[in-house]
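This report refers to the structure that appears directly beneath it.
The values are calculated or read from the model by the stated rules, or taken from the named source; none is laboratory data. None of the values given here were measured: they were computed from a predicted structure. So basically every Cβ, Gly included, is an ideal-geometry build from the backbone, and we count neighbours across all protein chains shown. The area values use the complete protein model at the heavy-atom level, side chains included, leaving out ligands, DNA and RNA. Shrake-Rupley method; radii C 1.70, N 1.55, O 1.52, S 1.80 Å.
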Amino acid sequence: MRAVVIHQKMDLRIDEREISPPGPGEVQVRLAVGGICGSDLHYYQHGGFGTVRLKEPMILGHEVSGHIAALGEGVSGLSMGDLVAISPSRPCGHCRYCASGMRNQCLNMRFYGSAMPFPHIQGAFRELLNCDAAQCVPAAGLSPGEAALAEPFSVILHAARQAGDLMGGRVLVTGCGPIGVLAIAEARRAGAIEIVATDIADAALTLAGRLGADRTINVASDPDALESYLPNKGYFDAMFECSGSAAALAQGMAGVRPRGVVVQVGLGGDMKVPVQLLTAKELRLHGTFRFHEEFPLAVEFMRSGLVDLKPMISHTLALDRAVEAFDLAGDRSQAMKVQIDFN
């Protein structure tokens, strides 16, 4: 089978890999679609992120869907040909954090396409993937592209849990890449009465408006636009910081009302936090990391029509154009969510 493998910075190849039959409790999935994530781009463009560096070739990818091609012994509830969304979250189930219900913080997590441990955890961008049946969520009624969006949407569902009740709230979203526009979609679904979104790219802000933002602000061309939200100690009840920019965090926090909540979603390395502002307004600053139990819920939200995420998919390229797909995904003037077609 063919797989999308990163060897080092800017060295992405389509390599041949062996595949074995699925074991007990496993299924073999013929991949349909894989979405390129920001972390995939970091490996491609920089060879890693922060202190995480590639030390060996690694199959990329963790936003995937496909059709059941083979069933291992003891598998029930899935049938040949079923379209499934595949969760990349594989906690051990027995460490102290799994035992306390924090499976996204598992000490032995085997999350697809991660160079954090060594040997690296190989990813899912391959024509055939053996995985635990429990990772597969039936996605009948969705397109394969939509099903592959379950992973990034799960990230935001987990982040929204950190924010708490958004019903009737006023929400600020800074950074309108894929995660930011998903935050807008979820805030609207959760009952936010007003959503303001900021970015430096007009194309991203256009999609933010389509997915539910009431006002969009290009902070590159209008850097002072958020000042109107500063009087009376702020305006917003909640903020999702999705850019990983220290400047966006500071500017946004200034517009959050006392005892409001700020959820830091974006990863941009270590950031300077305006602690004086945090203290004086008694703000709650929450981190958020990956997801686990939210994944089936993400699929169900899409299947039931509670959210329509199809507009996010800007480009779909064939597997043999994988390098082109990664280059395109890094161009925010053209692309939002770029997916690879494995069929």
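Candidates in the range 262-277 are the residues that are hydrophobic (A, V, I, L, M, F, W, C) and surrounded by fewer than 21 Cβ atoms within 10 Å (Cβ to Cβ); of these, the one that is farthest from GLY48 (Cα to Cα) is LEU277. ALA248 passes every criterion in (1) open to solvent by less than 50 Å² (accessible area, probe 1.4 Å); (2) without any contact (Cβ under 8 Å) to a residue 40 or more places away in the chain; (3) not β-branched (Val, Ile, Thr) apart from (2).
Residues in the range 81-103 that are part of a helix (DSSP H, G or I) and of a type in the set (Lys, Arg) were compared, and the one that is farthest from the chain's Cα centre (by Cα) is ARG96.
Of note, ALA32 satisfies the criterion of being open to solvent by less than 10 Å² (accessible area, probe 1.4 Å), in contact with a Pro (Cβ under 6 Å, 6 or more places away or on another chain) and at pLDDT 95 or above.
Does GLU186 satisfy the condition of being in a helix (DSSP H, G or I), closer than 17 Å to GLN251 by Cβ and among the charged types (D, E, K, R)? Judged against the criteria, GLU186 is not a match. Restricting attention to the range 77-104 and to residues that are touching a residue at least 24 places away in the same chain (Cβ under 8 Å) and more than 30 Å from GLN8 (Cβ to Cβ), the residue that is surrounded by the most Cβ atoms within 10 Å (Cβ to Cβ) turns out to be ALA85. Cβ-Cβ contacts under 7 Å between residues 6 or more apart (or on different chains), taken from a first residue in the range 278-303 that is open to solvent by less than 40 Å² (accessible area, probe 1.4 Å) to a second residue that is aromatic (Phe, Trp, Tyr) and modelled with pLDDT of 95 or more, are listed as ALA298/PHE153. Taking the criterion of being closer than 15 Å to PHE326 by Cβ and either open to solvent by less than 70 Å² (accessible area, probe 1.4 Å) or among the aliphatic types (A, V, I, L, M) (or both), the residues of the range 1-14 that qualify are ALA3, VAL4, VAL5, ILE6, HIS7, MET10, ASP11, LEU12, ILE14. Inside the range 19-48, residues that are under 19 Å from the mean Cα position of the chain (by Cα) and over 27 Å from VAL323 (Cβ atoms) make up a count of 0.
Residues in the range 28-59 that are among the β-branched types (Val, Ile, Thr) and more than 27 Å from ILE313 (Cα to Cα): THR51, VAL52. Restricting attention to the range 331-343 and to residues that are assigned to a loop (DSSP other than H, G, I, E, B) and within 18 Å of the chain's Cα centre (by Cα), the residue that is farthest from ARG189 (Cα to Cα) turns out to be ASP331. One residue stands out among those in the range 70-80 that are among the aliphatic types (A, V, I, L, M) and assigned to a loop (DSSP other than H, G, I, E, B): the one that is farthest from ALA134 (Cα to Cα), which is MET80. Considering LEU142, LEU172, the condition of being outside any helix (DSSP H, G or I) and open to solvent by less than 10 Å² (accessible area, probe 1.4 Å) is satisfied by LEU172 alone.
Within the range 152-169, can one find any residue that is among the hydroxyl-bearing types (Ser, Thr, Tyr) and either open to solvent by 10 Å² or more (accessible area, probe 1.4 Å) or closer than 13 Å to LEU309 by Cα (or both)? Scanning the range 152-169 turns up at least one residue that is among the hydroxyl-bearing types (Ser, Thr, Tyr) and either open to solvent by 10 Å² or more (accessible area, probe 1.4 Å) or closer than 13 Å to LEU309 by Cα (or both). In the range 121-130, the residue that is surrounded by the fewest Cβ atoms within 10 Å (Cβ to Cβ) out of those that are of a type outside the set (D, E, K, R) and within 20 Å of the chain's Cα centre (by Cα) is ILE121. Of the residues making up the range 207-245, those that are on the phi > 0 side of the Ramachandran plot and either among the polar types (S, T, N, Q) or open to solvent by less than 20 Å² (accessible area, probe 1.4 Å) (or both) are GLY212, ASN232, GLY234, GLY244. Per the listing VAL64, VAL27, VAL52, the residue uniquely in contact with a Ser or Thr (Cβ under 9 Å, 6 or more places away or on another chain) and open to solvent by less than 30 Å² (accessible area, probe 1.4 Å) is VAL52. Applying a threshold of 6 Å to beta carbon distances and a minimum spacing of six or more residues, or different chains, the list of pairs starting in the range 310-324 at a residue that is closer than 17 Å to ALA150 by Cα and touching a residue at least 40 places away in the same chain (Cβ under 8 Å) and ending at one that is among the small types (Gly, Ala, Ser) and surrounded by 19 or more Cβ atoms within 10 Å (Cβ to Cβ) reads ILE313/GLY145. Screening the candidates ALA147, ALA134 for the property of being closer than 30 Å to ALA70 by Cβ, modelled with pLDDT of 95 or more and crowded, with 19+ Cβ neighbours inside 10 Å yields one hit, ALA147.
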